[in-house]
1. For Ser88, indicate whether it is of a type outside the set (A, V, I, L, M), touching a residue at least 40 places away in the same chain (Cβ under 8 Å), surrounded by fewer than 18 Cβ atoms within 10 Å (Cβ to Cβ) and not in a helix (DSSP H, G or I).
2. In segment 70-84, what count of residues is obtained for those that are among the hydrophobic types (A, V, I, L, M, F, W, C) and either in contact (Cβ under 8 Å) with a residue 12 or more places away in the chain or buried (at least 19 other Cβ atoms within 10 Å of the Cβ) (or both)?
3. Tell me whether segment 16-26 contains one or more residues that are touching a Leu at 6+ places or on another chain (Cβ under 7 Å) and within 28 Å of Val162 (Cβ to Cβ).
4. When only residues in segment 9-49 that are of a type in the set (Phe, Trp, Tyr) and assigned to a loop (DSSP other than H, G, I, E, B) count, which is surrounded by the most Cβ atoms within 10 Å (Cβ to Cβ)?
5. Which of the residues spanning segment 50-67 are surrounded by fewer than 17 Cβ atoms within 10 Å (Cβ to Cβ) and at pLDDT 90 or above?
Amino acid sequence: MPRLPPVTLYLLWILTGAFVLQLVTGGGNAANSPLVDWLALWPVGSEGFGGGGFLPWQLVTYAALHGNFIHLFFNAFMVWMLGAMLESQWGTRRYIQFVLACVLAAGAVHLLFGLLGVFPAGPALGISGLAYGLLLAYGLMYPNQQLMLVIPPVPIKAKYLVMILAGLALFMGLNSPGGVAHFAHLGGMLGAWLVMRYWRGDPPFGKRRPTLRSVR
C-alpha cells in the first residue's frame, strides 16, 4: 500500500473517530447520538441550541457524522480511492480547497432546497457531497477511463458514470423526499465544478490560466 497523502489520511481518521464517538454516545446507534443534535446540518429556522437547531458551524461539521456503518464505508472508500489520487496530483493546499468547496456547497444546496420545501425538514450528515465531488473531478479529468461497477460488475467510462449518478440524484431528490440528502450530492458536484473552474480561471472567475494543466 502506498502511503496516503496527509489530508486524505486525516479525513479518514476524523470520519472513523467521529463514528466511534457516535456509537459510544448513542448507545450503539450512531443516529441516536447527541452529537447529531450539535453537529449535523439542521434546517435554517429550526429551534434549539445544540438540540436540533441550525448553527453556523454545522455547514462543516455535518460531513464528519454518518448514520450507519454502510454510509461511512462507502464514503470513506471514495475518499481513499479517489481522494488520495487527486490529492497526490494537486497537492495538499489545493486539495483542502477542493474538500471545503464540496462540503460547503453540498450543505448550502441542501439548506436551500429545504427552505424551498422540496423535502421534509430534517438533519443532513455525511461526507457524501465530497464523494460525489471527487467522482465529478475524476470524470472531468479522465472522462474515458474505464471504471468497474460493483453492482452490476460491468465496466463503464467515468464520464457516463458521473452523468448517471447525477441524473439519479436529481430524480431521487425530486421523487423520493426524506431519508437521503440527494440535493447535497448534487451540491458537492457543483462545488467541485466551481472550484476547478476557479483554478483554471474559467468563467465566472475570469480568463483561463493555461498554466494549471493538471486541472482539466
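The values are calculated or read from the model by the stated rules, or taken from the named source; none is laboratory data. In this text the structure is predicted, and so the values were computed from the model without any measurement. Positions of Cβ are backbone-derived with ideal geometry, glycine not excepted, and every protein chain shown enters the neighbour counts.
1. no
2. Count: 8.
3. Yes, because at least one residue in segment 16-26 is touching a Leu at 6+ places or on another chain (Cβ under 7 Å) and within 28 Å of Val162 (Cβ to Cβ).
4. It comes out as Trp42.
5. Trp57, Val60
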